[in-house]
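Beneath this line is the structure, given in structure tokens, with notes to follow.
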Amino acid sequence: HDDMGAKLLGLAISAQRASLHKEADLARSALQDLRDVVSRSTHAATPLSDLMADWRMETEQRVRAAGLQLEWRFPEREAELDVSPEAVLNLTRILREAVTNVLRHAQASRILIDMQLDDRHFSFSVEDDGIGIAPQAEPHRGMSSMQARAAALDADIEWQRPAHGCRIMLHVPLHKLVPVQHESAA
């Protein structure tokens with residue numbers, strides 16, 4: 001993975017220098033995916049509060065590089081919950097794809113990410129002020145991937161069409177986030 005990471009970083013830097021912003025973003029995204037797989041595979045679980053902080057840092061970098069404004073809302077309630085590596089990967093990829101879609105297609109000037117936590121669900125929404133999605137639009141590969149990842153979490157995902165832009169809503173049952181406890185043999 002070290003060699004692949006170095007190549008992706010070199011590609012991202014070269015693309016950025018050549019003003020190939022979409023290609024640079026794609027290379028950075030692939031590099032982040034590689035980092036996620038490597039780092040998360042060694043962890044038993046990640047605290048939700050740490051995960052949300054990681055998401056915000058990564059998203060701020062991407063959104064700032066694209067010249068958009070970002071507003072981020074964290075849950076009012078403490079996020080004292082450990083999230084399994086599988087759920088971390090699925091949640092991260094859903095959020096990353098939602099942001100990528102805004103950066104590539106929405107022609108937006110701002111993104112609002114709102115994270116909520118209650119006794120039964122963890123939820124987040126990604127909303128932009130761009131051109132929105134046509135009502136009859138066919139799901140593209142990214143949307144299909146997000147739906148599959150949501151299904152793996154028994155989560156509900158929907159695309160809403162507010163007055164301006166698009167809003168993606170994800171609701172995940174808390175029990176699907178926590179690591180599975182294996183009973184040890186006696």
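The values are calculated or read from the model by the stated rules, or taken from the named source; none is laboratory data. Note that the structure is predicted; figures quoted are calculated from it, not measured. No Cβ is skipped: glycine too gets one built from the backbone with ideal geometry, and neighbour counts run over all protein chains shown. These accessible areas exclude ligands, DNA and RNA; they are computed on the full protein's heavy atoms, side chains included. Shrake-Rupley method; radii C 1.70, N 1.55, O 1.52, S 1.80 Å.
When Arg28 is tested against (1) surrounded by 18 or more Cβ atoms within 10 Å (Cβ to Cβ); (2) at pLDDT below 90; (3) over 24 Å from Ala148 (Cβ atoms), only condition (3) is not met.
Only one residue in Glu158, Glu127 is of a type outside the set (A, V, I, L, M, F, W, C), touching a strand residue (DSSP E or B) at 6+ places or on another chain (Cβ under 9 Å) and touching a residue at least 12 places away in the same chain (Cβ under 8 Å), so which one is that?
On the way: Glu158 fails: touching a residue at least 12 places away in the same chain (Cβ under 8 Å).
Every option except Glu127 fails the conditions.
Within segment 32-53, the set of residues being modelled with pLDDT of 90 or more and out of contact with any helix residue (DSSP H, G or I) (no Cβ under 7 Å at 6 or more places or on another chain) comprises Pro47, Leu48, Ser49, Asp50, Met52, Ala53.
Every listed requirement among (1) open to solvent by 60 Å² or more (accessible area, probe 1.4 Å); (2) assigned to a helix (DSSP H, G or I); (3) touching an Asp or Glu at 6+ places or on another chain (Cβ under 7 Å); (4) of a type outside the set (S, T, N, Q) is met by His105 save one, (3). Pairing each residue of segment 48-67 that is over 19 Å from Val88 (Cα atoms) with any residue that is in a helix (DSSP H, G or I) and open to solvent by 50 Å² or more (accessible area, probe 1.4 Å), provided the two are 6+ apart or on different chains, yields C-beta distances under 9 Å for Gln61/Arg28; Arg62/Arg28; Ala65/Gln16; Ala65/His21; Ala65/Arg28; Ala66/His21. Contact map, segment 98-122: first residue at positive phi and touching a residue at least 12 places away in the same chain (Cβ under 8 Å), second residue of a type outside the set (Val, Ile, Thr) and open to solvent by less than 30 Å² (accessible area, probe 1.4 Å), Cβ cut-off under 6 Å, separation 6 or more or different chains; pairs are Gln107/Gly130.
Listed here are the residues, each with its yes/no results for (1) in a helix (DSSP H, G or I); (2) closer than 20 Å to Trp55 by Cα; (3) open to solvent by 30 Å² or more (accessible area, probe 1.4 Å).
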residue	(1), (2), (3)
Ile113	no, yes, no
Phe122	no, yes, no
Gly132	no, no, no
Pro135	no, no, yes
Glu138	no, no, yes
Ser144	yes, no, yes
Glu158	no, no, yes
His164	no, no, yes
His175	yes, no, yes
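Of all residues in segment 76-92, those that are surrounded by fewer than 17 Cβ atoms within 10 Å (Cβ to Cβ) have Cβ atoms under 9 Å from Cβ atoms of residues that are among the aromatic types (Phe, Trp, Tyr), 6 or more apart or on another chain, in Leu81/Phe122.
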